Structures are given as C-alpha cells and as structure tokens.
Amino acid sequence: MEESSNIEVIVASAEHVKYVDEILDTINRAAKVRGTGIAKRSPEYVKQKMLERKAVIALCDGNFAGFSYIESWSNKEFVANSGLIVADRYRGLGLATRIKRKVFRLSREMFPEAKIFSLTTGAAVMKMNFELGYRPVTFDQLTTDPAFWRGCESCVNYDILQRNGGHKCLCVGLLYDPKETQYHRYSLTDNELDNND
C-alpha cells in the first residue's frame, strides 16, 4: 500500500492529458465492478476539462492515483463535480476525500454563486458530500439543462430514469447551495480544506 503523504492532489492542466486513457479505463472498470451506472465521457471531453483547468488529478511519483472534474450547467447556475475515481492501489488512504475537497474548492473559486450538485449511488460519496455541506434533494431541484440529463443516456440505469419521467433513479441527488447558510454549519472551512489537501 502506498503512503498518502507521497500523493499530490492538484488542478490538472495540459501536462496531464497523457493520463486521460488511464483515467477513463479506471472509471469504467470501477463501474463494472460495482455494477452501477455511470455517464460515459469521451477522451476529448476529459482532455478539454484539463485544458480548461476544470479537473483535479492525484499523482504519486508520476503515477495516476485519482481524478475528478467540474461541469457547469444552466448558464453556470449549477456546477457538478463528476468522475471521482481513485486507482485501485491508492484506495483506503483517504484520497477520494482529498480529491473531493479539492474539486469542491475549485468549483467554489471558479463559480462562487453556483449551486454545486452530485448524483451518486455510492454511500462514501454521499458521506463526503454531506461533510462539505451538501443535502439530499429531489431531481427537480437540480439543473434542468437537457445536455446534463443526456449524459445519463450512457448509464446502465437510464431506463429507470426514463420510466420515472426523469424524476427518480438509483442515484441520489445532493446539492450545495452557497446561499442557504443553514447548511454551512456542516461544511468545512477553507482552512480545514487546506489542511486536508
């Protein structure tokens, strides 16, 4: 098992494009193992996120360790943190939490007024989101941008979403609204986020 102190979590850029295929392969293998759905993204899409500096990558001595990226929707009113993945050999080190916190902070810096949301079937991601101040919501409180929901078409559970008129699926919707201060008491301060990166 690797040491977590050897892993850096940074904003991805053009120099990290070389990891795109490995990232997508890791995401797809993890989804198959869990038997859960995931919206598929093309290599070009993930590369563009890196070039726009809307992605976070974790590296250990030059080896890919983890990843997540940001998407904005509904004219930047909503932001999604997506594609959170940790490579097998780096699991169990708290790396997913470090990546989640970094991509959350990046989202707040780039889109300070936006509501940040997540769709997930994973209990660990739900717990991380709750610690950051997200709360569970119904899908009608998330973006109505058709482009976002088209991303669900590649998910194995898409038929469930269709059967329920786009209102319910196996995923749970979670939302962080910077304007709703009652949720901030649960979220980490910038200082706590810095100390955990």
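Values in this text are rule-based calculations from the coordinates and carry no lab data. Keep in mind that what you see is a predicted model, and the values were worked out from it rather than measured. Positions of Cβ are backbone-derived with ideal geometry, glycine not excepted, and every protein chain shown enters the neighbour counts.
Residue-wise HN-Hα couplings along segment 102-111, as the Karplus relation 6.51 cos²θ - 1.76 cosθ + 1.60 with θ = phi - 60° gives them from phi, are 5, 5, 5, 5, 4, 4, 5, 6, 6, 9 Hz; Gly and Pro carry x.
Near the amide H of ALA12, within less than 5 Å, lie the amide hydrogens of ALA55, VAL56, ILE57, all on another chain or at least 5 residues away, with H placed in the peptide plane. Karplus-based coupling profile of segment 129-144, in residue order and whole Hz: 5, 4, 4, 8, x, 6, 9, x, 9, 7, 4, 6, 8, 9, 4, 9, with θ = phi - 60° in 6.51 cos²θ - 1.76 cosθ + 1.60 and x standing for Gly or Pro.
Taken along the Cα-to-beta-carbon direction at a fixed 7 Å, the label points for ALA147 and GLU22 span 3.0 nm. FRET efficiency for the pair LYS40 and ALA123, taken as 1/(1 + (r/R0)^6) with r the Cβ-Cβ distance and R0 = 22 Å, rounds to 0.45.
On the principal axes of its alpha carbon atoms, segment 14-75 extends 38, 31, 16 Å, with the longest extent given first.
I need the shape label for segment 1-139. Rule: rounded when a/c is under 1.5, else prolate if a/b > b/c, else oblate, with a, b, c from the alpha carbon gyration tensor.
Values: a/c = 1.39, a/b = 1.23, b/c = 1.13.
It is rounded, given that a/c, with a ≥ b ≥ c, falls under 1.5.
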